[in-house]
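Remarks on the structure that follows.
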Amino acid sequence: DGHWRFRLLEALGRLRNPAAAPFLMRVLAEDKFPPARVEAALALARIKDKSVLAELQSVSAQLDAEAHLPVLLAVGYALAVLGDPGGRALIEEHLVVPEGRTLRWDRLRPGVFAVGQLRLSALRGRVEAIMQRADPFVRREAARALGALRDRASIPVLVEQLRDPVPGVRDEALRSLKALTGFRHKETYDQWSRWLKKQKEQNAEDEKNR
C-alpha cells in the first residue's frame, strides 16, 4: 500500500547503493502516486549517483509546478545535491508561501526540507512564515530546517513555537533553539522568553553605547 511503498523507497535511499538508481528513476518518472515520486527523488539525492543527472534534468523540465509541486521541489533538491545550480533555482522559484488559507501545506514540505539541508539562508523568511501557518507536519519540518540554517535571526520565531499546541512541533523548535544557542538547560517557553528579553535589552544597551 501507499505507506509501505513510501517507507521502502526511503529505505532504498538510506542504503545509498547506486544500483538502486535506475529503479528509483523509473518510480520518479512513471509512478502515479505523488508521495512515491517525492521519496524517489529524495532517495536519489541520498545516493548521489551523478549518472542520473541528465534524466533528472529531463524530468524537471516536464513537471508542471501547479500539478506536481512537491515532486518538482524534491527533484530540485536532488539536482542541487548532484551539483546542478538549477536545482536551487527551482526551490527558490517554487517554494512560495500561499496567500490566505490553504489546506495543502504538504505540497511545500519537500521544499522546506531542502532549505534546511542545502542551507538556503535567503529563504529563511519564507520558512518562518510557513512554520507559523502550516499544518503540524510541515510546521515541524520548518522548525527543523530553521535549526539547520544556523541563523540566530530565527530564534524569536522558534521561541514562539514553544507554545505550539502540537508536542512534536514544540520538541523540534526546542532542538533547533539548543542547536542555535548552545544552551542545553532551558526547556520551557518562559525560560526562553526571559532569556530572549534579556538579549534584546543587552543588544539595545550595546547599541546605545556605541
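The values are calculated or read from the model by the stated rules, or taken from the named source; none is laboratory data. If you're wondering where the values come from, they're calculated on a predicted model, not measured in any experiment. Note that we place each Cβ from the backbone using ideal geometry, even for glycine, and neighbour counts take in every protein chain shown. SASA here: full protein model, heavy atoms, side chains in, ligands and nucleic acids out. Shrake-Rupley method; radii C 1.70, N 1.55, O 1.52, S 1.80 Å.
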Odd one out for ALA11, checked against (1) surrounded by 14 or more Cβ atoms within 10 Å (Cβ to Cβ); (2) in a helix (DSSP H, G or I): (1)
Please enumerate the residues belonging to the range 40-54 that are open to solvent by 10 Å² or more (accessible area, probe 1.4 Å) and either in contact (Cβ under 8 Å) with a residue 24 or more places away in the chain or within 18 Å of ALA114 (Cβ to Cβ) (or both). LEU42, ARG46, ILE47, LYS48, ASP49, LYS50, SER51, LEU53
Restricting attention to the range 152-183, which residues are among the charged types (D, E, K, R) and either in a helix (DSSP H, G or I) or over 22 Å from ARG124 (Cβ atoms) (or both)? ARG152, GLU160, ARG163, ARG170, ASP171, GLU172, ARG175, LYS178
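Sort out which residues of the range 72-94 are in a helix (DSSP H, G or I) and either of a type in the set (Ser, Thr, Tyr) or open to solvent by less than 10 Å² (accessible area, probe 1.4 Å) (or both), and write them in order of number. Explain how you work it out, then say what you get.
Going residue by residue through the range 72-94, those that are in a helix (DSSP H, G or I) are 72-81, 85-94.
Result: LEU72, LEU73, ALA74, VAL75, GLY76, TYR77, ALA78, LEU79, GLY87, ILE91.
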Single condition LEU103 does not satisfy, out of (1) open to solvent by 70 Å² or more (accessible area, probe 1.4 Å); (2) part of a loop (DSSP other than H, G, I, E, B); (3) at pLDDT 95 or above: (3)
Taking the conditions exactly as written (surrounded by 10 or more Cβ atoms within 10 Å (Cβ to Cβ) and not in a helix (DSSP H, G or I)), does LYS186 satisfy them or not? yes
